[in-house]
Amino acid sequence: MVLPALGGIGGGGPRSSALQMGFAVISSDAGHAGSMGPRFGLDPQARLDYGYNAVAQLTPMARNLIAKAYGRGPDRSYFGGCSNGGRHAMVAAVRSAQQYDGILAGDPGFNLPKAAVAQLYGAQQYAAVASAKTPAGLPDLQSAFTPAEMKLVADKVLQRCDALDGLADGIVSNVQACRTRFDIQADVPTCATGTRDGSCLSAPRKNALANVFKGARNSAGQPIYSSFPFDAGVSGSNWREWKFASPPTRDAGAVAFIFSTPPLADRPQGLPFALGFDMDRDAPRIAAADGVFRESALSFMTPPDAANLGALRDRGGRMIVYHGTSDPVFSSDDTAAWYARVQAANGGDASSFARYFPVPGMNHCAGGPATDQFDMLGALVDWVEQGKAPASITASARGAGTPVPNAEVPADWSPQRTRPLCPYPQVAAYTGGDTERASSFACKPPSP
Ligand SMILES: [Ca+2]
């Protein structure tokens, strides 16, 4: 299915679109029909189209269409997307840098095959502590952690980390400092056997959650995917959806048919596939190639030499990346580590052309207890076309009564709370005044 070519600007309940802003917009299905599900991955060329080739082929076609319709080509070209679209944006920033003046990458799954395997690892952790069974007699992943238990974890994170940015306001801006402050083993009470009232977690549940946040590993302890930061957004409904519902559906199918070489098409699919996936023998298949599938998933899905943005930089291009720090599927730790590599590759400071804006509390591309409504595309256009580098980007909550409300905005926030999103590694620090307004905060280097 080809989605309507509106052009997302990022965030939840967007107030505009690229089309409304006057852009010519192109949208594609990346070379496969959605109705086929992941089985398109059995075709080697369809894998490459999905990974990078569709964008590479369609961009010149879009330019030609614009030239035909308007009598001249585009003045500027932009690429934007969230999730797998954020991955496409990061791939385009490296593979197609000459084609774009501005790149907007949201919650990018730029290591998507690794993240998908990590989802299967998560399923195995949740299955070990599930208390209920599915109709088929398998562990019900949703029963591993109740909403009340995840709310408990979020509350304990807030107790330890909320005030580190100068204000206890339900938003953990200083995620880096929280890393050493919050300890799930010490800070979450341990239940006696059988207690599940949301006031504690059993020791096995603590261990399962700690394993997932530490990052997927094989039996030798070698990392398969990034760690995740503990953050207040772990109580979000989108967090549950990705952690507990997605592994048997999206992730199992993608790993089996698109990312494994050779494909694992003959195994039982769904939850049995997720639970039977061997982190030692099967996970290396995402890095494998053979005579039929000549590129590995890591090759066709991830940006080659991801931190090398020299081509984009040297042509005057600009890049904005944003990521919810409570994204349950693609870790903002992975994006922060990528940005550190970009900084290092540019003498320690890449902010002249590439900036990363963490969104505290936000789940996957939107939602969670967060100020998740923002216009990243407008900020990018101002940077590219007027040289106005974004020192901060104002984000709003979508509380009760707003046009597209987010039910997870806490009741003690103003429904229209605003906050500055800050270029990493800066954090929004409270400077005094109305605690509901962005003007009472400033982007500052984080206190350790
Ligand atoms: Ca705070």
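Distance between the C-alpha centres of the stretch 79-128 and the stretch 260-286: 21 Å, rounded to the whole angstrom. Counting other Cβ atoms within 10 Å as a rough exposure proxy, the listed residues Ser199, Ser27 run Ser199, Ser27 from fewest neighbours to most. Ranking Ser131, Ile393, Ala18 by Cα position along the charge dipole of the chain, where only Lys, Arg, Asp and Glu carry charges on their C-beta atoms, puts Ala18 farthest toward the positive end.
Under a model in which nothing but the beta-carbon of Lys, Arg (+1) and Asp, Glu (-1) is charged, the chain shows a dipole of about 400 debye around its Cα centre. Of all lysines in the structure, the ones whose alpha carbon falls short of 25 Å from that of Lys206, not counting any fewer than 8 places away in one chain, are Lys114, Lys133, Lys151, Lys156, Lys214, Lys243. Length, then width, then depth: along the principal axes, the Cα atoms of the stretch 115-300 run 57, 38, 29 Å.
Find the centroid of the Cα atoms in the stretch 15-44 and in the stretch 129-164, then give the distance between the two in whole Å. Measuring centre to centre over Cα atoms gives 34 Å. The label-point distance for Arg72 and Lys444, in a model that sets each label 7 Å from Cα toward Cβ, rounds to 4.8 nm. Computed extension length for Thr180-Asp305: 42.0 nm, one decimal, from 0.36 nm per residue of separation with the Cα-Cα distance subtracted. Judged by the gyration tensor of its Cα atoms, with axes a ≥ b ≥ c, the chain is oblate; a/c meets the 1.5 cut and b/c is at least as large as a/b. Distance between the modelled labels on Ala340 and Lys388, one decimal in nanometres: 3.3 nm (7 Å Cα→Cβ projection).
Rounded to the nearest 20, the size of the Cβ-charge dipole of the stretch 115-300 about its Cα centre is 240 debye, with Lys and Arg at +1 and Asp and Glu at -1. By the helix-only formula, in which each DSSP H run with n ≥ 4 contributes -39500 (n - 2.57) and the sum is divided by residues, the chain has a 222 nm mean residue ellipticity of -8500 deg cm²/dmol. The DSSP beta bridges internal to the chain are antiparallel in roughly 40% of cases. Along the charge dipole of the stretch 6-159, pointing to its positive end and built from +1/-1 on Cβ of Lys, Arg, Asp and Glu, which listed residue (Leu112, Ala67, Gly80) has its Cα farthest out? Highest projection toward the positive end goes to Ala67.
Computed from the coordinates by the stated procedures, all read-outs in this text should not be read as laboratory data. Computed from a predicted model, the values in this text were never measured in an experiment. Here Cβ is always computed from backbone atoms with ideal geometry, including for glycine, and neighbour counts include all displayed protein chains.
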